[in-house]
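Single-structure report; data block below.
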Amino acid sequence: MPVTEEVMKKIADNTGVSVDELTASGLLALLREKRRKVMMDRLEVLDRYNVFSIEEFERKIKHGDIPEHPAWEDLIFLENLDSVIAEIDEDIRTIQEDS
């Protein structure tokens with residue numbers, strides 16, 4: 001259900017902020033929550049292999065301390081998660097700079 005401009009103005013008035021501030025705050029909250037969930041996924045994979053970083057994970061795979069399968073797929077997954085986190089961080093910075 002789309003939020004109408006009227007509803008946005010009412011909420012802004014009720015909270016004492018402008019519609020622009022309300023929009024920016026909402027976007028920041030959404031992005032931070034998404035970042036938190038992605039970080040949880042990332043930490044879950046690192047924990048599964050008892051490592052603290054992608055570099056340590058990759059090193060352990062290469063040295064045979066961790067079986068290659070499915071570790072290589074999980075490493076790719078971690079790298080993709082890091083890319084998502086970087087994009088979210090950039091979006092957060094952009095919103096903060098523009099607000």
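Modelled label positions at GLU21 and ASN80, each set 7 Å beyond Cα in the direction of Cβ, lie 4.0 nm from each other. How large is the helix-only mean residue ellipticity at 222 nm for the chain, computed as the sum of -39500 (n - 2.57) over DSSP H runs with n ≥ 4, divided by its residue count, in deg cm²/dmol to the nearest 500? Helices in the chain give a 222 nm mean residue ellipticity of -28000 deg cm²/dmol.
As a calculated quantity, the FRET efficiency between ARG32 and HIS69 at R0 = 35 Å, using C-beta atoms, amounts to about 0.50. Compared with the alpha-carbon gap, the fully stretched path from LYS9 to GLU55 is longer by 11.7 nm at 0.36 nm per residue.
Seen against the Cα atoms of the chain and their longest principal axis, helix 19-48 is set at about 10 degrees. For the chain, the longest principal axis of the alpha carbon atoms and the long axis of helix 68-98 meet at an angle near 30°.
Counted by Cβ distance under 15 Å from SER53, the other residues give a net charge of -4, where Lys and Arg count +1 and Asp and Glu count -1.
Bear in mind that the values in this text are calculations on the coordinates, not laboratory data. Quick caveat, the model's predicted, so the values are computed rather than measured. With ideal geometry, Cβ positions are generated from the backbone for all residues, glycine too; neighbour counts draw on all protein chains shown.
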